[in-house]
Amino acid sequence: MIDNRGSRRILSFSFCFIISCIVIIVIVKRSDKIDTTIYNTDSSLLSTSCKHVSIDELDRWFHSKKWNEIPKIIHQTWKNKTLRQRQARWSQTWCDQYTNWYYHLWTDDENDLFVRTKFPWFYPTYNKLSPAILRVDSVRYLYMLYYGGLYIDLDYESVRRIDALFTNKSVVLSLINYSFNSMNSVPNSWMASRPNHPLWTYILHRIILLWSRASDKERNEFWNGKAEFFTGPQSLFEGLMFYLHTIQHTDETLDQLFGNKQNQNADSILEVANITFLGPKLNNAYDWMNGIGADVCSAEKATFDEKKCQDVVKPIYAITYWSHSYGHGHENDLNYLGDEKKTHTCTIKNGGCDPNAGCSHDNATNAVVCTCKTGYTNTGVAPAVICSDSCSLYNGGCDINAECSHRLEDFDVVCNCRVGFINVGTVNGVNCSDGCYVNNGGCGVNAVCSHDLTTMAIQCTCMTGYTNSGNGTTLVCTDSCKVNNGGCDSSATCSHDSVTFAVVCGCSIGFVRSGCDITAGCIDSCKVKNGGCGENAACAHDNLTNAVVCTCNKGYTNTGFGNSVYCTDSCQVNNGECDSNAACSHDASTNIVVCSCKNGYVNSGTDSVIKCTDACQVNNGGCDSNATCSHDASTNGVVCSCKNGFVNTGCGTTVKCTGIISNLVCFT
């Protein structure tokens with residue numbers, strides 16, 4: 001099982017990074033330890049109804065569209081294109097069912113090229129990871145980041161399609177169980193994601209930082225859980241929790257984030273921060289951690305029986321047989337030595353024991369017994385005893401975040417937490433927890449606790465929307481709006497974004513921002529595009545609310561609706577309220593409406609109230625009393641015509657009607 005103390009160390013390292021979104025692809029390397037029969041994935045035996053694509057074909061397809069969903073591409077990985085028979089058969093179950101998906105089996109060489117060209121920032125670490133399973137673990141996170149899609153280990157068998165659960169999802173992970181203390185409960189053997197999701201960068205930066213801080217001995221001694229810890233499920237879990245804590249602004253555990261324990265069923269589907277978690281029964285079925293069905297479900301055992309296993313665990317969508325076929329690396333252990341027999345006695349050359357070992361004799365056989373001294377650990381392979389400084393081996397049993405040293409009086413191992421970490425255990429059982437996990441590192445509730453990248457010392461940084469109002473080294477995070485109005489102009493109101501809590505500067509009613517910057521000052525709305533009133537209106541403010549009030553200028557009338565003011569030439573609206581027989585115009589100086597009676601009409605009202613009456617109805621249109629008043633058909637001007645028995649004796653346009661009694665002559 002995994003060293004639980006070691007797993008805590010990683011999340012703390014991840015805190016040091018504020019991640020940039022980068023693109024990757026995911027793949028797994030685990031196969032079959034027992035079955036050595038091989039099939040070639042390029043052969044007809046592996047022909048499927050899903051579409052096998054080359055990397056070039058995958059790139060062309062992937063870059064041909066923008067992705068706001070989980071792409072339909074299945075990633076798997078192996079040392080080469082040749083799979084063992086059982087691997088090939090399990091892999092085939094996915095292609096047989098996911099008929100409209102693409103599929104690519106990544107080889108070690110393809111993985112190296114992919115990381116080297118697409119992720120040059122990660123390649124220096126990737127290239128050093130050893131043994132190969134560490135690289136295989138890491139590259140699957142890069143698949144997810146770059147391409148997204150579905151990553152599946154080669155020891156997973158599909159029972160029925162699960163992709164209907166991917167709709168509107170960003171990241172989908174599967175659970176082995178709800179025992180999160182081991183940090184193996186969220187495996188990296190099956191993962192689905194949209195491209196560019198930031199979760200994967202948290203995990204990758206964790207791997208970079210942890211690998212850079214580990215000793216060569218710790219890097220090489222990767223078994224006993226170190227693969228799972230460095231790059232495997234513990235790495236996924238630590239990165240996941242740091243991501244969730246950052247997004248949710250909380251330090252709650254995963255089961256606390258899931259909420260009510262009654263929701264945590266074998267077939268539950270749970271969501272936290274847009275990450276979906278599938279219950280154990282849905283996708284893994286066999287839980288190697290509780291041992292149920294282990295005799296028939298573990299592909300590592302000779303008693304493995306797929307049918308019996310499925311009868312026991314009853315999978316719903318898929319099942320994994322945990323074959324761990326890529327290897328644990330024992331075959332490369334340089335510490336295994338030959339069976340050299342020691343014939344020396346303790347009085348001669350320390351009985352052939354290591355200089356740092358004590359020599360004694362077996363009580364029954366009197367054979368030499370070599371026992372490493374205090375502060376040293378046997379790193380040899382029986383019967384050889386090789387005593388190495390305990391601090392050089394697994395950090396002397398100290399927590400990975402502790403410094404291993406020796407007590408002067410007896411050289412016994414002493415564990416002291418490194419800078420940035422706090423002992424949450426006992427004096428003799430030092431358990432170094434990230435200082436940020438203990439009372440938020442002393443940073444306060446409105447601050448984010450992180451670490452200096454060089455020294456790992458705790459750094460406190462105020463959360464978005466808060467400002468440090470303390471002095472010197474004392475950090476006091478105060479609502480930014482209470483400190484210099486949040487940096488907003490004095491004429492602006494300071495508030496917070498409902499999602500990010502970032503400062504939002506808003507202008508008061510009747511004012512608008514004077515520039516594009518959020519801290520720009522506020523100016524009178526009437527000074528910016530006339531307050532939106534239009535060119536024929538005057539902009540002013542309501543005495544009570546200071547809201548903009550638009551009033552039409554003289555000579556214009558509001559033809560808008562409701563609160564909308566639209567100023568139209570008054571003469572175009574009900575003739576400017578002039579009489580229907582009047583012409584509407586404007587005063588040249590003031591632009592006020594001027595009503596003028598049309599030709600053939602006269603004002604029978606007042607100077608201020610113009611009433612236009614037919615001129616013939618007022619003083620007979622100015623015609624002679626013996627004349628008839630009418631209108632010109634073209635101009636409507638008054639026409640005076642003498643009545644019968646009268647003749648026009650006027651001159652020019654003046655009509656004077658006289659009775660016919662004498663011949664009169666008009667002299668002009």
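The values are calculated or read from the model by the stated rules, or taken from the named source; none is laboratory data. In this text the structure is predicted, and so the values were computed from the model without any measurement. Note that each Cβ is placed from the backbone with ideal geometry, even for glycine, and that neighbours are counted across all protein chains shown.
If the requirement is being touching a residue at least 12 places away in the same chain (Cβ under 8 Å) and crowded, with 22+ Cβ neighbours inside 10 Å, which of these qualifies: LEU173, LEU165, LEU154?
Working: LEU173 fails: crowded, with 22+ Cβ neighbours inside 10 Å; LEU165 fails: crowded, with 22+ Cβ neighbours inside 10 Å.
Within the list LEU173, LEU165, LEU154, the selection yields LEU154.
Considering only the stretch 103-143, state which residues are of a type outside the set (A, V, I, L, M) and in contact with a Gly (Cβ under 8 Å, 6 or more places away or on another chain). Selection gives PRO131, ASP137, TYR143. Taken together, the criteria exclude TYR126 from residues that are modelled with pLDDT under 90 and not acidic (Asp, Glu). The residues listed here are ARG135, ARG116; of these, the one that is more than 22 Å from THR276 (Cβ to Cβ), part of a helix (DSSP H, G or I) and touching a Leu at 6+ places or on another chain (Cβ under 6 Å) is ARG135.
Counting only residues that are within 17 Å of LYS51 (Cβ to Cβ) and touching a Leu at 6+ places or on another chain (Cβ under 7 Å), give me the strands (runs of 3 or more DSSP E) lying completely in the stretch 62-109 with at least 1 of them.
Because the criterion is at least 1 residues that are within 17 Å of LYS51 (Cβ to Cβ) and touching a Leu at 6+ places or on another chain (Cβ under 7 Å), the strands (runs of 3 or more DSSP E) in the stretch 62-109 that meet it are 73-77, 102-106.
Out of TYR151, TYR141, which single residue is at pLDDT 90 or above, of a type outside the set (Gly, Ala, Ser), within 16 Å of SER193 (Cβ to Cβ) and part of a helix (DSSP H, G or I)?
Values: TYR151 fails: part of a helix (DSSP H, G or I).
After ruling out the rest, the residue left standing is TYR141.
Give the residue, chosen from LYS226, LYS281, that is at negative phi and at pLDDT 80 or above. Write out each step before concluding.
On the way: LYS226 fails: at pLDDT 80 or above.
Testing whether each residue is at negative phi and at pLDDT 80 or above leaves just LYS281.
Taking the conditions exactly as written (assigned to a loop (DSSP other than H, G, I, E, B), without any contact (Cβ under 8 Å) to a residue 24 or more places away in the chain and closer than 30 Å to ALA540 by Cα), does GLY515 satisfy them or not?
Details: assigned to a loop (DSSP other than H, G, I, E, B): yes; without any contact (Cβ under 8 Å) to a residue 24 or more places away in the chain: yes; closer than 30 Å to ALA540 by Cα: yes.
It is true that GLY515 is assigned to a loop (DSSP other than H, G, I, E, B), without any contact (Cβ under 8 Å) to a residue 24 or more places away in the chain and closer than 30 Å to ALA540 by Cα.
Scanning the stretch 49-94 for residues that are modelled with pLDDT of 90 or more, more than 31 Å from the chain's Cα centre (by Cα) and of a type in the set (Ser, Thr, Tyr), we see that the one that is farthest from THR167 (Cα to Cα) is SER91. Residues considered: VAL368, VAL413, VAL385, VAL381. Of these, the only one that is within 25 Å of THR455 (Cα to Cα) and of a type in the set (Val, Ile, Thr) is VAL413. Quick one: in the stretch 110-151, which of the residues that are surrounded by 21 or more Cβ atoms within 10 Å (Cβ to Cβ) and of a type in the set (S, T, N, Q) is nearest to SER54 (Cα to Cα)? Checked the stretch 110-151; the qualifying residue nearest to SER54 (Cα to Cα) is ASN111.
Looking only at residues of the stretch 178-206 that are of a type outside the set (S, T, N, Q) and assigned to a helix (DSSP H, G or I), we find that the one that is surrounded by the fewest Cβ atoms within 10 Å (Cβ to Cβ) is PHE180. Tell me which of these GLY441 doesn't satisfy, since it passes every other one: (1) without any contact (Cβ under 8 Å) to a residue 60 or more places away in the chain; (2) over 30 Å from GLU252 (Cβ atoms); (3) buried (at least 18 other Cβ atoms within 10 Å of the Cβ). If we test GLY441 against (1) without any contact (Cβ under 8 Å) to a residue 60 or more places away in the chain; (2) over 30 Å from GLU252 (Cβ atoms); (3) buried (at least 18 other Cβ atoms within 10 Å of the Cβ), just (2) comes out false.
Screening the stretch 346-368 for residues that are aliphatic (A, V, I, L, M) and surrounded by fewer than 19 Cβ atoms within 10 Å (Cβ to Cβ) and picking the one that is farthest from VAL413 (Cα to Cα) gives ALA364.
Only strands (runs of 3 or more DSSP E) wholly contained in the stretch 355-435 count here; list those with 1 or more residues that are among the aromatic types (Phe, Trp, Tyr), out of contact with any Leu (no Cβ under 6 Å at 6 or more places or on another chain) and within 22 Å of MET456 (Cα to Cα). If you could, list the steps in order and put the result at the bottom.
Details: elements: 357-361, 368-372, 376-378, 387-389, 402-406, 413-417, 421-423, 432-434.
The qualifying strands (runs of 3 or more DSSP E) are 421-423.
Taken together, GLY472, GLY534 contain a single residue that is under 30 Å from ALA588 (Cβ atoms), free of Cβ contacts under 8 Å to residues at least 60 places away in the same chain and not in a strand (DSSP E or B), which is GLY534. Number of residues in the stretch 163-177 that are in contact with a Ser or Thr (Cβ under 9 Å, 6 or more places away or on another chain) and outside any strand (DSSP E or B): the value is 7. Give all pairs with beta carbons closer than 8 Å in which a residue from the stretch 372-386 that is under 14 Å from ASN350 (Cα atoms) meets a residue that is hydroxyl-bearing (Ser, Thr, Tyr) and part of a loop (DSSP other than H, G, I, E, B); count only pairs at least 6 apart in sequence or on separate chains. From residues that are under 14 Å from ASN350 (Cα atoms), the pairs are ILE386/THR379.
Listed here are the strands (runs of 3 or more DSSP E) enclosed by the stretch 615-658 that have at least 3 residues being modelled with pLDDT of 90 or more and hydrophobic (A, V, I, L, M, F, W, C): 638-642. Screening the candidates TYR601, TYR566 for the property of being of a type in the set (Phe, Trp, Tyr) and under 30 Å from SER641 (Cβ atoms) yields one hit, TYR601.
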